[in-house]
Every structure is written in structure tokens, then in C-alpha cells.
Amino acid sequence: MNGRAEFREPNAEVPRPIPHIGPDYIPTEEERRVFAECNDESFWFRSVPLAATSMLITQGLISKGILSSHPKYGSIPKLIFACIMGYFAGKLSYVKTCQEKFKNLENSPLGEALRSGQGRRSSPPGQYYQKSKYDSNVSGQSSFVTSSAADNIEMLPHYEPIPFSSSMNESAPTGITDHIVQGRNFS
């Protein structure tokens, strides 16, 4: 002992450390059940409908002549691509719902990590994450900027868009020219 006595309130709750969830983490039985449930629901309720819808839209565009079919394989390559994109879009669209299911789990290290890590970016162990002055926390104010400075949006740089051409037969964007003076004779 170091000679100091620690005094705590008898009912004071000691904050638990945030668990480190890494590649060697073994999920609990409850977490495995939620993983399987998320996988099943994201497939049937998001991926299948989005894949089917994207394939129907693609086939409609091909039949109207808006999209061209492959000379040898027909519409199959574009339909497969639409199906794959719809599948992944469905999986990605279910991520927030699945995270909420894990946050609602009690006695789950993964749920605890998601609850405590809400609004924070992950950083490697041993390093601290410092918020940027442009990140906002729950109250809507930045941790480094005062409320009057947070209201002043003029601090952010303004960028003007570069005009471009959507035409496939032009090789250079419109509005951008080479500043070569024509008609000058250098001889």
C-alpha cells in the first residue's frame, strides 16, 4: 500500500473501461444470435428486394433501348451487375438497424463498445482521438470552437464548382480553355 486510503461513496458506480473489440474478440452467445438475426433480416428484407428491383429496372432500361445489351451475352452481364449492387446496397442499408440491436443488448461487450463509442471515431489502442474543430458533438457545438464561432460558418473555405461536359464526345471539360494567344506571329 502507498499509505493513502481511498474513500468512495458506498453506492457510487465505478465506470467500466471500454472493452477493446479486436480481431481476436469472441462474441457471446447472445451476440451470435443477433449476428445471425441481422444477417437473415438484411438478406430477406433489404438485399432481396433491392436486388430484384434493380434487376427489373435494368431490364426495363435495356428493353426500352436506354441501355444497350452486350452483343454476345445480351442483358445478362448488366443484370448480374445490378443484382450484385442491389445485394450490397441492401446489406449496407441495414447496418444502422443492426448496430441499434447490439446497443440494446445488456451485458454485451460489443454493445457496450458501440454505446460508448457513439460519436467517436475508432483509433488504435494507446492513441487518443482528438476531435477536429469541424466535428460536432451531441449538443451541436464543437469541443474547440466557442458557440459564437460555431455560428460563424464563414470560417469554412468556399469552393466553386468546375464546369464539365456530360457529353461523351468531348475530350475536355467545358469552361476550361488553354490560354494560348492565337494569331500572334513570333517571326
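The values are calculated or read from the model by the stated rules, or taken from the named source; none is laboratory data. Note that this is a predicted model, so its numbers are computed, not measured. FYI the Cβ positions are ideal-geometry reconstructions off the backbone, even for glycines, and counts take in every protein chain you see. The protein model used for the area step is the full one, side chains on, heavy atoms only, and it has no ligands, DNA or RNA in it. Shrake-Rupley method; radii C 1.70, N 1.55, O 1.52, S 1.80 Å.
Here are the numbers for this structure:
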item	result
Estimated FRET transfer efficiency when R0 is 25 angstrom, pair Ala52-Lys96 (beta carbons, to 0.05)	0.65
Ile80/Trp44 FRET efficiency (R0 25 Å; Cβ-Cβ; nearest 0.05)	0.75
Spacing of the two label points (7 Å from each Cα toward its C-beta) at Ile66 and Lys103, in nm	3.7 nm
Selection of trypsin sites (Lys or Arg not before Pro), the stretch 22-104, meeting DSSP coil and at most 12 other Cβ within 10 Å	Lys64, Lys72
Backbone N within the stretch 70-92 under 20 Å of label point (7 Å from Gln59 Cα along the Cβ vector)	70-90
Largest-first ordering by accessible area, 1.4 Å probe, given options Thr58, Thr28	Thr28, Thr58
Percent RCO, i.e. relative contact order, over the stretch 29-106, from Cα pairs under 8 Å lying at least 6 residues apart	44 percent
Where the stretch 29-106 is the region considered: accessible area per residue in Å², 1.4 Å probe	69 Å²
Cleavage-rule hits, GluC sites (Glu not before Pro), the stretch 40-115, DSSP coil, Cβ neighbours within 10 Å at most 16	Glu106
Within the accessible area of the stretch 29-106 (1.4 Å probe), percent carbon and sulfur	67 percent
